[in-house]
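Everything below concerns the one structure shown next.
Read-outs throughout are calculated quantities, based only on the coordinates presented, and are distinct from any laboratory measurement. Computed from a predicted structure; not experimentally measured. Don't worry about glycine lacking a Cβ; one is built from the backbone with ideal geometry, like all the others, and counts go over all protein chains shown.
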Amino acid sequence: MKIKLIIVTAILTIFLGCKSGVSPEDPGPGSHTISSGVSGTITFTGEWPETAAEVKLVTAKVFPPEMSEIIYGASIPVDASTYDYEFDLEPGEYKLLGVAWRNEGADWNVPSICNFYYAKGNYLAPASITVNDNNHVVSGIDINVDRTIARVVSDAKITGKVTFNGTWPEKFNEARVIATTKFDLSTLELPSTSDLTFSKRIENGTSSFDYEIPAYPGKFLATFVVFFEDGKQLSEENVFYSNDHGGLDMATTYNVELGESVKGPDFTIEF
């Protein structure tokens, strides 16, 4: 009878441990070593523009991502000055790694991502990271986070329409409408990823598209239609192509307030 009781107790202990998300082999937070993924140090400067409810490390296998494509890591202390992270990830190529935040009362949104891991020389697109196999940890992926550039996320939107005339070039797999608060083509002062906000995908072959861009408070200086090639990062060449085919508008500037829907420019793209 005593042996049966011991066996039952052991089974219940294992069952309850698994139900609570803790296995007998799990040493607990702070001492877990990942078998595949990325690791590094996040360094924070400045202050959040509003009270931060939550901060997380995020990644995605596509860029730009949509909400359903964002992979969230563990929460980061909102007042941390530095944070050593380990992000469990399956093998594969990840097109962005960044830090996202949400202010009190707000939901997560793509503009919640406020800082990214970059390769040297290109700040229009974040750097890709490849996890080769189940035993590969890409270490030394450090991210500098300036909290002052974080965007206050609300349900604000920029709307408009794009009309496509002619045949889409086969090299483009999609397009997006992008709005930014920082842009000066005459001096080649281009925005960084943190200054951009994107519409949803426009598939190759689309003839017209009513766009809707999630926005954040600020004065938007440029809106443009950018075409993406599979496997290539966003660069200034994409911007120049847009300018040559009717997809760049710097004349229509507009202010966006919290929760406000603003009419953006309409575009006619001539292929």
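Please work out how much length the chain gains when fully extended from Y123 to T148, using 0.36 nm per residue of separation minus the C-alpha to C-alpha distance, in nm with one decimal. If you can, show how the numbers build up before the last one.
On the way: separation 25, 0.36 × 25 = 9.00 nm, distance 1.75 nm.
Full extension of this stretch gives 7.2 nm more.
Using the Karplus curve 6.51 cos²θ - 1.76 cosθ + 1.60 with θ = phi - 60°, what ³J(HN,Hα) values do you get for each residue of the stretch 157-164, in whole Hz, with x for Gly and Pro?
So the Karplus estimates, Gly and Pro as x, are 9, 10, 10, x, 9, 10, 10, 10 Hz.
Would you mind checking which residues have amide H under 5 Å from N103's amide H? H placed 1.01 Å from N; only 5 or more apart, or other chain.
A53, V153
Greater than 20 Å separation of Cα atoms is the criterion. Which listed pairs, K95/K200; K56/K200; K95/K182; K120/K219; K157/K219, meet it?
K56/K200; K95/K182; K120/K219
Can you compute the charge dipole magnitude of the chain about its Cα centre, using +1 on each Lys and Arg Cβ and -1 on each Asp and Glu Cβ, nothing else charged? Give it in debye, rounded to the nearest 20.
So the magnitude is around 660 debye.
Determine the relative contact order of the stretch 148-233: mean sequence separation of Cα pairs under 8 Å and six or more apart, normalised by residue count, in whole percent.
The value is 45 percent.
So how much slack lies between E212 and D266, counting 0.36 nm per residue of separation and subtracting their Cα-Cα distance, in nm?
18.3 nm
Roughly speaking, what is the centre-to-centre gap between the stretch 221-248 and the stretch 45-64 when only Cα atoms are used, to the nearest Å?
A separation of 25 Å, based on Cα centres.
Rg(Cα) of the chain divided by 2.2 N^0.38 Å?
Against the compact-globule rule of thumb, the ratio is 1.20.
What is the set of long-range amide H partners of S36 at a cut-off below 5 Å, with H atoms built 1.01 Å from backbone N?
Those qualifying (amide H under 5 Å, at least 5 residues apart or on another chain) are L89.
Quick check: convex hull over the Cα atoms of the stretch 157-270, volume per residue in Å³, rounded to an integer?
92
Each residue of the stretch 248-264 in turn: what ³J(HN,Hα) in whole Hz from Karplus with 6.51, -1.76, 1.60 and θ = phi - 60°, glycine and Pro shown as x?
Once θ is set to phi - 60°, the couplings for the stretch 248-264 become 10, 10, 10, 7, 8, 9, 7, 9, 10, 10, 4, x, 9, 9, 10, 7, x Hz.
Could you go through the stretch 208-225 in sequence order and give the Karplus-derived ³J(HN,Hα) for each residue, using 6.51 cos²θ - 1.76 cosθ + 1.60 with θ = phi - 60°, rounded to whole Hz, and x for Gly and Pro?
8, 8, 8, 8, 9, 10, x, 10, 10, x, x, 9, 8, 9, 8, 9, 8, 9
What is the Cα coordinate range of the stretch 37-149 on the first, second and third principal axes, sorted by size from largest, in whole angstrom?
Result for the stretch 37-149: principal-axis Cα extents of 39, 28, 28 Å.
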